[in-house]
1. Looking only at region 31-73, how many residues end up being aliphatic (A, V, I, L, M) and farther than 26 Å from LYS7 by Cβ?
2. The conditions are (1) within 30 Å of ILE4 (Cβ to Cβ); (2) touching a residue at least 24 places away in the same chain (Cβ under 8 Å), and LEU76 fails exactly one of them. Which is it?
3. Which of the strands (runs of 3 or more DSSP E) found entirely inside the chain contain at least 3 residues meeting this: surrounded by 12 or more Cβ atoms within 10 Å (Cβ to Cβ) and either at pLDDT below 90 or out of contact with any His (no Cβ under 9 Å at 6 or more places or on another chain) (or both)?
4. For region 19-71, what are the residues that are in contact with a strand residue (DSSP E or B) (Cβ under 8 Å, 6 or more places away or on another chain), among the polar types (S, T, N, Q) and farther than 17 Å from LYS86 by Cα?
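The values are calculated or read from the model by the stated rules, or taken from the named source; none is laboratory data. The structure presented is a predicted model; accordingly, all values stated were derived computationally and were not measured. Counting neighbours? That spans all protein chains shown, and the Cβs are built from the backbone with ideal geometry, glycine included.
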Amino acid sequence: MAEICPKCGLPKELCVCDVLDRETTKKIKVSKVKKKFQKYMTIVEGLTGEELERTAKSLKTRLACGGTYKNGVIELQGDHKDQVKKELLKLGYPESSIDA
């Protein structure tokens with residue numbers, strides 16, 4: 001028997017919760033800040049819950065950088081502002097919701 005999604009009650013194969021979450025995301029803000037020792041950090045704000053964790057892991061893998069997620073913010077080591085927007089589009093987030 002197939003696993004059931006706890007959120008929508010559909011089988012995991014038919015579940016569209018993650019797609020709906022991406023489409024209903026408010027605004028995603030991408031910025032960069034200069035930290036200690038003149039190092040840059042890319043900040044992604046506007047994601048919540050499980051979506052935050054999944055997106056952070058995917059961005060770190062695709063951009064080959066370190067980083068973390070906490071308090072609704074993804075912090076990536078290095079200046080990846082332009083690449084983050086491209087990767088978010090590849091992950092299915094609408095361009096109108098990304099403010100880079």
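1. The first filter runs over region 31-73 and keeps only residues aliphatic (A, V, I, L, M), leaving 33, 41, 43-44, 47, 52, 56, 59, 63-64, 73.
Within this subset, residues satisfying the condition of being farther than 26 Å from LYS7 by Cβ are 33, 41, 43, 63-64.
Looking only at that region, the number is 5.
2. Condition (1) is where LEU76 drops out.
3. Numbers: elements: 28-34, 40-45, 67-70, 73-77.
Passing ranges, in order: 28-34, 40-45, 73-77.
4. The one that is in contact with a strand residue (DSSP E or B) (Cβ under 8 Å, 6 or more places away or on another chain), among the polar types (S, T, N, Q) and farther than 17 Å from LYS86 by Cα: THR68.
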